[in-house]
1. For the range 18-40, give me the residue count where each residue is exposed (fewer than 12 other Cβ atoms within 10 Å of the Cβ) and farther than 17 Å from GLN55 by Cβ.
2. Pairs needed: first member in the range 1-12, under 14 Å from SER37 (Cα atoms); second member anywhere, open to solvent by less than 100 Å² (accessible area, probe 1.4 Å) and assigned to a strand (DSSP E or B); C-beta distance under 7 Å; at least 6 residues apart or different chains.
3. Consider PRO6 carefully, then state whether it is modelled with pLDDT of 85 or more and open to solvent by 60 Å² or more (accessible area, probe 1.4 Å).
4. Taking the range 18-53, which residues are touching a residue at least 12 places away in the same chain (Cβ under 8 Å), of a type outside the set (D, E, K, R) and assigned to a loop (DSSP other than H, G, I, E, B)?
5. Any idea which residue in the range 46-58 is modelled with the lowest pLDDT, counting only those that are within 11 Å of the chain's Cα centre (by Cα) and loosely packed, with under 10 Cβ neighbours inside 10 Å?
Amino acid sequence: MLKPGPPDGPLEVKGVTSEKCYLHWSHPSHDGGASISHYIIEKRETSRLSWTMSQNCCLAMNTSSESLL
């Protein structure tokens with residue numbers, strides 16, 4: 001098994017506020033040889049270099065991401 005590729009773009013971001021946004025994406029072209037069970041959503045503040053996990057087990061290809069600030 002290989003690591004799956006990133007979701008195919010473009011990533012759609014809608015309803016952006018200071019507290020949340022809505023994300024939608026498509027399945028990756030390369031699944032690494034296995035079905036994808038979930039997605040991990042990460043966020044990064046513009047003042048920081050590192051990414052932090054926003055959601056660990058997103059099962060769908062769309063979600064709302066909250067607590068952005």
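1. Number of matching residues: 5.
2. PRO7/TRP25; PRO7/SER26
3. For PRO6, the condition - modelled with pLDDT of 85 or more and open to solvent by 60 Å² or more (accessible area, probe 1.4 Å) - is met.
4. SER18, HIS27, PRO28, SER29, HIS30, GLY32, GLY33, ALA34, ILE36, SER37, HIS38
5. Of all residues in the range 46-58, those within 11 Å of the chain's Cα centre (by Cα) come to 53-58.
Now narrow it down to the ones that are loosely packed, with under 10 Cβ neighbours inside 10 Å: 53, 57.
Values: MET53: 85, CYS57: 66.
Only one residue tops the list, namely CYS57.
The values are calculated or read from the model by the stated rules, or taken from the named source; none is laboratory data. If you're wondering where the values come from, they're calculated on a predicted model, not measured in any experiment. Cβ sites come from the backbone with ideal geometry, for glycine too, and all protein chains shown count toward neighbours. The accessibility values were calculated without ligands, DNA or RNA, using every heavy atom of the protein model including side chains. Shrake-Rupley method; radii C 1.70, N 1.55, O 1.52, S 1.80 Å.
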